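What follows is a short report on a single structure.
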Amino acid sequence: MPEQVNETTWNPVWEEIFQKKAWGKYPPEHVIRFVARNFYPAKDRSRIRLMEIGCGPGMNVWFMAREGFSVSGIDGSSTAIQAARHRLTDEGIDADLRVGDFAHLPWPDDSFDGAIENVSLYANPSTSIQRALSEVRRVLKPGAPFLSSFFSDRTWGYGQGEMVETDGFVDLREGPLAIGGFSLFLKRARVPELFRDFSDLNVERLSWTLDGEQHLIEQFVITCRKPETGYNSLSIENAR
């Protein structure tokens, strides 16, 4: 089980945001592609355990559970988790959903065949992100893949607030992240260090514009794996 430390990856501002704002309903293409490439060949999808940190109201856990996988999700917002549970219940599907902190994941070591986080870690300072990534690595089975997504430093809003750490801002005045709380805009050069405890690191970029191409939004889509050493748990191959 995780070592207990006085560090959190949960900002209460997100409870207020989820109470006031309806969130996306369907998963982004890069999440669908990640799941399809890594797990669709399994003959018995129910034996594949997938996990999402920062699951919000459940668009990604809904998709993965609907595709037949065994899914767990965690978010700090009780409002978001309640919305996710209602959505899954209404469609007759199920997932293990928890209210909790990314820095203290409530699952044993080597529990999951894969994991995702889609622009949730960016809302935390670097030390908390590193702690959360250590927890993701702990609960993944050796060799299991992980997908993560961060806004880049070219995204609209970078520099438009108070910098409280390198590339990390509060009180953003404009851009899509000007919704309260902390935002870390990731520089490409920082990715290898941030994901140093994972293997097979790959980085792609997604970008789009807003307001007639006046503003750029850019995300790094990062895929990697927990190193293979000591892999004794149920593997994807055994589930096929």
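A few remarks follow.
- Residue-averaged [θ]222 nm for the chain, counting only DSSP H segments that reach four residues, each worth -39500 (n - 2.57): -7000 deg cm²/dmol
- Computed on protein heavy atoms with a 1.4 Å probe, the accessible areas place Lys187, Lys226, Lys43 in the order Lys43, Lys187, Lys226, largest first.
- Shown are Leu216, Leu186, whose ranking by accessible area with a 1.4 Å probe and every protein chain present, most to least, is Leu216, Leu186.
- For the range 136-195, applying the loop criterion from DSSP together with a ceiling of 12 other beta carbons within 10 Å to the GluC sites (Glu not before Pro) yields Glu174.
- Of all beta bridges that DSSP places with both ends in the chain, some 55 percent have antiparallel geometry.
- Accessible solvent surface per residue of the chain, calculated while the other protein chains remain in place, 1.4 angstrom probe, Å²: 46
- Basic side chains Lys and Arg get +1 at the Cβ, acidic Asp and Glu get -1 at the Cβ, and with that the dipole of the chain about its Cα centre reaches some 620 debye.
The values are calculated or read from the model by the stated rules, or taken from the named source; none is laboratory data. Computed from a predicted structure; not experimentally measured. Cβ: placed from backbone, ideal geometry, glycine included. Neighbour counts: every protein chain shown. Each accessible area value is taken on the protein alone, full model and side chains, heavy atoms only, with ligands, DNA and RNA left out. Shrake-Rupley method; radii C 1.70, N 1.55, O 1.52, S 1.80 Å.
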